[in-house]
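Peer 1: Got a structure here, written out as structure tokens. Questions coming.
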Amino acid sequence: MTDPRTSVITERLSGVSRIIAVSSGKGGVGKSMVASALALSLAKEGSRVGLFDLDFTGPSTHIILGVPANIQPKEDRGIVPPIFEGLEYMSLVYYVGDNPAPLRGTDISNALIELLSITQWGMLDFLVIDMPPGIGDAVLDLVRLVERIEFLIITTPSILAFEVVKKQVALLCELKMPIVGVVENMKLDKAKTVEVASLKLGLKYIGSIPYDPKVEEAIGNPKKLLDTAVGKSMTQIKKSAKNKK
Ligand SMILES: Nc1ncnc2c1ncn2[C@@H]1O[C@H](COP(=O)(O)OP(=O)(O)O)[C@@H](O)[C@H]1O
Ligand SMILES: [Mg+2]
């Protein structure tokens, strides 16, 4: 039976052309960094973009972008995301962070679903979702409830990261979820291990992002972020993201 909440969420997302979940089986691989840079970079070239931080394990895009505390969603027949740096911005941090948290104590999976059901996105070319790590229940809920969701998979060159990513990919394939491709972040050499392994799984290898120590100094400063190796690597990722499967 179809979950009745699916139709509510589908309606809420009806003005959004593409829904791209920046995802990884693994934590700490740069999902939030890539999601933030991708959203900023798409917006900068004129696309209408939303960024949705759904990482309940540690929402962090507000820190990466330096979203000031006085920028908050507004209530109007649901929740309207504020605009920041040209992005419609929404984060779970508004509900589970230090701020008044009406959903505190409720099941986290329900919190995610609730936020998806009440957020009023405008007409968007892209909604970039910063996903929680792993393939737990909450992620599976998102997969089930967000129709048209597509996955951009982030890994590091480490076999430890890629082995976990492989499990996630297997699950997504089993669920017949579209995968935009694989991005290898924090690359330090020219090894082809991840590229070869990605192609072997039948995935598009979008490219790599070099490790750049300047990323840390750019946290909280969107302009600086676009000037780091992460920002500069967005050209290829945007191209793949725009490529409709
Ligand atoms: N290309 C990169 N070069 C240097 N540091 C990076 C790069 N990408 C991410 N980082 C850093 O790595 C850490 C993890 O990134 P984050 O985006 O929070 O990962 P995730 O969202 O997957 O947990 C952060 O401290 C971030 O600043
Ligand atoms: Mg993160």
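The values are calculated or read from the model by the stated rules, or taken from the named source; none is laboratory data. Just so we're clear, the structure is a prediction, and the values are computed from it rather than from any experiment. Using ideal geometry, Cβ is built from the backbone for each residue, glycine included, and neighbour counts are taken over all protein chains shown. Just so you know, the surface numbers come from the protein's heavy atoms only, side chains and all, with ligands and any DNA or RNA stripped out. Shrake-Rupley method; radii C 1.70, N 1.55, O 1.52, S 1.80 Å.
Peer 1: How many Å³ per residue does the convex hull of the Cα positions in the stretch 18-73 occupy?
Peer 2: 101
Peer 1: Still on this structure, I have one more. Report the calculated FRET efficiency for LEU160 and LYS223 (r = Cβ-Cβ distance, R0 = 41 Å), to the nearest 0.05.
Peer 2: It comes to 0.80.
Peer 1: So which GluC sites (Glu not before Pro) in the stretch 127-191 pass both tests, a DSSP loop state and at most 16 other Cβ atoms within 10 Å of the Cβ?
Peer 2: Qualifying residues, ordered by number: GLU147.
Peer 1: Filter the GluC sites (Glu not before Pro) in the stretch 4-106 to those in DSSP coil with at most 13 other Cβ atoms within 10 Å of their Cβ, and list the result.
Peer 2: Answer by residue number: GLU45.
Peer 1: In deg cm²/dmol and to the nearest 500, what is the mean residue ellipticity at 222 nm of the chain if only DSSP H runs of at least 4 residues count, each as -39500 (n - 2.57), divided by the residue total?
Peer 2: That comes out to -11000 deg cm²/dmol.
Peer 1: Quick one: what Rg and Dmax do you get for the stretch 67-208 from the alpha carbons, in Å?
Peer 2: Here Rg and the maximum Cα pair distance are 17.4, 51 Å.
Peer 1: Okay, next question. What do you reckon, how do ILE63, ILE71, ILE219, ILE179 stack up by accessible area (1.4 Å probe), largest on top?
Peer 2: Ranked from most to least accessible, the order is ILE63, ILE219, ILE71, ILE179.
Peer 1: Sticking with this structure for a sec: For the chain, build the charge dipole from Cβ charges (+1 Lys, Arg; -1 Asp, Glu) around the Cα centre, then report which of GLY30, PHE56, MET234 sits farthest towards its positive end.
Peer 2: Ranked along the dipole, the leading option is MET234.
Peer 1: How about LYS26: which aspartates and glutamates have a C-alpha closer than 17 Å to its C-alpha, ignoring those fewer than 8 places off in the same chain?
Peer 2: Partners within reach: ASP53, ASP55, ASP130, ASP137, GLU163, GLU184.
Peer 1: Quick one: in the chain, what % of C-alpha pairs are over 29 Å apart?
Peer 2: 23
Peer 1: At a 1.4 Å probe, what is the % contribution of carbon and sulfur to the accessible area of the chain?
Peer 2: Carbon and sulfur atoms account for 56 percent of the accessible area of the chain.
Peer 1: Right, next: Give a quick list of trypsin sites (Lys or Arg not before Pro) in the stretch 1-97 that DSSP marks as loop, anything other than H, G, I, E or B, with at most 10 other Cβ atoms within 10 Å.
Peer 2: ARG77
Peer 1: Ignoring ligands, DNA and RNA, how do ILE159, ILE154 rank by accessible area with a 1.4 Å probe, largest first?
Peer 2: ILE159, ILE154
Peer 1: Let me ask another. ILE219: net charge of surrounding residues, Cβ under 15 Å, Lys/Arg +1, Asp/Glu -1, itself excluded?
Peer 2: Neighbour charge sum, excluding ILE219 itself: -3.
Peer 1: Another question, then. ILE63 versus LYS167, label points 7 Å from Cα toward the beta carbon: distance in nm?
Peer 2: 2.5
Peer 1: Please report, in debye to the nearest 20, how large the charge dipole of the chain is about its Cα centre when each Lys and Arg carries +1 at its beta carbon and each Asp and Glu carries -1 there.
Peer 2: The dipole of the chain has a size of about 920 debye.
Peer 1: Sticking with this one: Using every Cα-Cα pair within the stretch 125-245, state what percent have a distance larger than 17 Å.
Peer 2: Pairs farther apart than 17 Å: 60 percent.
Peer 1: Just to confirm, what accessible area per residue do you get for the chain at 1.4 Å probe, in whole Å²?
Peer 2: So the chain comes to 46 Å² accessible per residue, rounded to a whole number.
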